[in-house]
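Engineer: Just dropping this structure here.
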Amino acid sequence: STKDYPSDLIRAEIGGEVSFKLDVSAEGLPTSCLVIVSSKNDKLDQVTCKIMMQRAKFKPALAADGSPEASHYISRVRWQVPY
């Protein structure tokens, strides 16, 4: 949401796109975040991982026997300066 956008970057009109990978536990919670393709702005990269680590929740991946197992999630976030 707009509330998540760093206010100093809004004022400077800095946006970008961050591609990331989350490691996800067998319980469906993120355990780590890695920026795969940077936005070229460290703050946007850090905020992306911070938000994903705090808020992301997944239905656990299932092994062949139907038991929950750890997995990965890869996605990207486009930060567009709100006006």
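Engineer: Just to be sure before I move on: is THR48 more than 13 Å from ARG78 (Cβ to Cβ), under 13 Å from the mean Cα position of the chain (by Cα) and not charged (D, E, K, R) in the structure I sent?
Structural biologist: no
Engineer: Residues being assigned to a loop (DSSP other than H, G, I, E, B), farther than 14 Å from ALA70 by Cα and open to solvent by 60 Å² or more (accessible area, probe 1.4 Å): count how many of those fall in region 15-29.
Structural biologist: Counting residues in region 15-29 that are assigned to a loop (DSSP other than H, G, I, E, B), farther than 14 Å from ALA70 by Cα and open to solvent by 60 Å² or more (accessible area, probe 1.4 Å) gives 0.
Engineer: For the structure I just gave you, tell me whether SER7 is modelled with pLDDT of 95 or more, open to solvent by 20 Å² or more (accessible area, probe 1.4 Å) and of a type in the set (S, T, N, Q). Reasoning before the result, please.
Structural biologist: Working: modelled with pLDDT of 95 or more: no; open to solvent by 20 Å² or more (accessible area, probe 1.4 Å): yes; of a type in the set (S, T, N, Q): yes.
So SER7 does not fit the description; no.
Residue-by-condition table, conditions (1) open to solvent by less than 40 Å² (accessible area, probe 1.4 Å); (2) of a type in the set (A, V, I, L, M):
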{"position": "THR31", "(1), (2)": "no, no"}
{"position": "LEU34", "(1), (2)": "no, yes"}
{"position": "SER39", "(1), (2)": "yes, no"}
{"position": "LEU44", "(1), (2)": "yes, yes"}
{"position": "LYS50", "(1), (2)": "no, no"}
{"position": "GLN54", "(1), (2)": "no, no"}
{"position": "VAL81", "(1), (2)": "yes, yes"}
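Engineer: Separate question: Quick one: is ALA63 surrounded by 12 or more Cβ atoms within 10 Å (Cβ to Cβ), over 12 Å from the mean Cα position of the chain (by Cα) and among the hydrophobic types (A, V, I, L, M, F, W, C)?
Structural biologist: Here the answer is yes, as ALA63 does meet what is asked.
Engineer: Can you tell me which residues in region 66-77 are touching a Lys or Arg at 6+ places or on another chain (Cβ under 8 Å) and open to solvent by 90 Å² or more (accessible area, probe 1.4 Å)?
Structural biologist: Of everything in region 66-77, those that are touching a Lys or Arg at 6+ places or on another chain (Cβ under 8 Å) and open to solvent by 90 Å² or more (accessible area, probe 1.4 Å) turn out to be HIS72, ILE74.
Engineer: Only one of (1) assigned to a loop (DSSP other than H, G, I, E, B); (2) in contact with a Leu (Cβ under 8 Å, 6 or more places away or on another chain); (3) small (Gly, Ala, Ser) fails for SER32. Which number is that?
Structural biologist: (1)
Engineer: Scan region 1-27 and report the pairs whose first residue is more than 17 Å from VAL77 (Cα to Cα) and whose second residue is open to solvent by less than 60 Å² (accessible area, probe 1.4 Å) and at pLDDT below 95, with Cβ atoms within less than 6 Å and a gap of 6+ or a chain change.
Structural biologist: Filtered contacts from region 1-27: ALA26/PRO60.
Engineer: Within region 42-83, can you find the residues that are touching a Gly at 6+ places or on another chain (Cβ under 6 Å) and not in a loop (DSSP other than H, G, I, E, B)?
Structural biologist: LEU44, TRP79
The values are calculated or read from the model by the stated rules, or taken from the named source; none is laboratory data. Quick caveat, the model's predicted, so the values are computed rather than measured. Note: ideal-geometry Cβ built from the backbone for every residue, glycine included; neighbour counts use all protein chains shown. Please note that ligands, DNA and RNA were not included when accessible areas were found on the heavy atoms of the full protein model with its side chains. Shrake-Rupley method; radii C 1.70, N 1.55, O 1.52, S 1.80 Å.
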